[in-house]
Amino acid sequence: MNKVVLKHFQSVDPPLFALFQTIVLDDHSPRHPRRYFVSLCEEIIGQQLSGRVADVLFDRFEKLFPKRRVTPRSVLALSEEKLRSTGMSWSKTRFIRDLAHHVITKSVPLAQLAQLADQDVIDELTKVKGIGPWTAEMFLMFTLGREDVFSYGDLGLKKAIKKLYGFKKDPTVKQMEKIVNKWKPYRTWAARILWKSLEL
């Protein structure tokens, strides 16, 4: 665990710091640009699903392609029915095909996203059908490795904050902001700890 990050949370949020002491996080290195497209496919497939179900569907999806090499052109070469055979919904099938089209036509500059500011990345990705703020925020966190992102629309994070800080009802965005703003510039670290805390 990064000592600077730990010291920050020890100073600004003792309850969260206590969680940091009990949870081990996986590696959080940014992914190579060649993985950006498949990462977005994975995020789309996983929308509104449990992690376990999402992993199963994504595994089936990758197996559709020789050597699991998923590219925009290889996606468009498959029929919607073939993509649907993985168990994903028709809408997600169309979202992934729309993403592939945007990448091929370069209307979404996938290879350049790492050079953009967080909000600019969100603006670019949400041009694609089926990619909303949550999916774009997950991409920022887990693919680009940005350290200061938080998703207020994530139900798991809301549940974890409710549990850790003793809210009787689901906290409002304003209530969460009072807590979350203290975590800058390491909000992604806090989000990852909160997700892990739900497994305890």
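General observations
- Taking label positions 7 Å along the Cα-Cβ direction at both Leu198 and Phe17, the computed distance is 2.7 nm, reported to one decimal.
- Extended-chain gain in nm, criterion 0.36 nm per residue less alpha-carbon gap, Lys82 and Gln10: 20.9 nm
- Per-bin percent of Cα-Cα distances, the chain [5 Å]: 1, 7, 15, 18, 17, 15, 12, 8, 5, 2, 0
- Label point 7 Å beyond Cα of Tyr152 along Cβ direction - residues of region 160-190 with amide nitrogen under 12 Å: 172-181
- For region 1-128, size of Cβ-based charge dipole, Lys and Arg +1, Asp and Glu -1, in debye: 600 debye
- Prolate is the label for region 33-142, because a/c, from the alpha-carbon gyration tensor with a ≥ b ≥ c as root eigenvalues, is 1.5 or above and a/b exceeds b/c.
A short reminder: the numbers here are calculations on the coordinates, not readings from a lab. This one's a predicted model, so the numbers in the text were calculated from it and none came from an experiment. With ideal geometry, Cβ positions are generated from the backbone for all residues, glycine too; neighbour counts draw on all protein chains shown.
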